1. Consider L55 against the criteria (1) touching a helix residue (DSSP H, G or I) at 6+ places or on another chain (Cβ under 9 Å); (2) at pLDDT below 90; (3) not basic (K, R): it satisfies all of them except one. Which criterion is unmet?
2. Is it the case, given these coordinates, that F77 is within 14 Å of F96 (Cα to Cα) and touching an Asp or Glu at 6+ places or on another chain (Cβ under 8 Å)?
3. Count, please, the residues in region 58-78 that happen to be touching a helix residue (DSSP H, G or I) at 6+ places or on another chain (Cβ under 7 Å) and among the hydrophobic types (A, V, I, L, M, F, W, C).
4. I'm trying to understand the selection: among the residues of region 15-42, which are of a type in the set (A, V, I, L, M, F, W, C) and outside any loop (DSSP other than H, G, I, E, B)?
5. How many residues are hydrophobic (A, V, I, L, M, F, W, C), surrounded by 10 or more Cβ atoms within 10 Å (Cβ to Cβ) and more than 24 Å from S100 (Cα to Cα) when one looks only at region 114-140?
6. With F46, F68 as the choices, which residue is under 20 Å from K139 (Cβ atoms), assigned to a helix (DSSP H, G or I), of a type in the set (F, W, Y) and modelled with pLDDT of 90 or more?
7. Hey, among the residues in region 49-65 that are polar (S, T, N, Q) and assigned to a helix (DSSP H, G or I), which one's surrounded by the fewest Cβ atoms within 10 Å (Cβ to Cβ)?
8. Can you find a residue that is under 30 Å from S132 (Cβ atoms) and either in contact with a Lys or Arg (Cβ under 6 Å, 6 or more places away or on another chain) or of a type in the set (F, W, Y) (or both) anywhere in region 80-93?
Amino acid sequence: MSLACISDVQAKGNIKNALLFSTDIHLLPEQIVEYYQARFHIEFIFRDVKQFTGLSDCQARHLPRLNFHFNASLIAFNLAKHKLSTCHSSAKSFVFSITSYKRLEFNKHLLCTLIDKLYLDPDLILNHPNLSSVLSYGKLFDI
């Protein structure tokens with residue numbers, strides 16, 4: 001069994017360790033970390049595809065219909081990712097989560113509703129230097 005240990009020094013000086021295991025004894029620790037990072041991204045993909053593009057909503061029983069449904073859900077996710085990644089072409093590793101975009105759009109809608117219902121000055125709020133931090137409240141990743 002191979003083992004990789006990742007240590008991170010926290011703000012208060014505490015050390016946080018993560019132990020990553022592999023049954024392949026020939027893997028280097030760097031490869032183990034790389035595989036775990038890839039797995040993390042894959043799990044985000046399946047979570048988003050199940051929650052937002054209907055992967056688990058198919059009731060078909062025939063294999064060709066199931067294949068079509070799975071492919072349609074994954075294509076919808078990939079199209080959304082492609083469209084949004086073109087907006088962020090400057091980022092080296094683009095991390096994509098529909099949950100973050102959903103949160104961003106909800107925060108925008110909530111802010112517009114508050115401005116409207118409380119009769120606030122939209123120019124004062126929408127031009128505030130901290131607007132982006134308010135809109136990004138609750139997101140998983142920076143987008």
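The values are calculated or read from the model by the stated rules, or taken from the named source; none is laboratory data. Because the structure is a prediction, the values reported are computed rather than measured. Positions of Cβ are generated from backbone atoms using ideal geometry, with glycine treated the same way; all protein chains shown enter the neighbour counts.
1. Only one criterion is unmet by L55, namely (2).
2. The answer is yes for F77.
3. The first filter runs over region 58-78 and keeps only residues touching a helix residue (DSSP H, G or I) at 6+ places or on another chain (Cβ under 7 Å), leaving 58, 60, 70, 73-74, 77.
Within this subset, residues satisfying the condition of being among the hydrophobic types (A, V, I, L, M, F, W, C) are 58, 60, 70, 74, 77.
Residues in region 58-78 being touching a helix residue (DSSP H, G or I) at 6+ places or on another chain (Cβ under 7 Å) and among the hydrophobic types (A, V, I, L, M, F, W, C): 5 in total.
4. I15, A18, L19, L20, F21, I32, V33, A38, F40, I42
5. Final tally of qualifying residues: 1.
6. Testing whether each residue is under 20 Å from K139 (Cβ atoms), assigned to a helix (DSSP H, G or I), of a type in the set (F, W, Y) and modelled with pLDDT of 90 or more leaves just F46.
7. Residue satisfying both the conditions and the ranking: S56.
8. For region 80-93, residues under 30 Å from S132 (Cβ atoms) and either in contact with a Lys or Arg (Cβ under 6 Å, 6 or more places away or on another chain) or of a type in the set (F, W, Y) (or both): absent.
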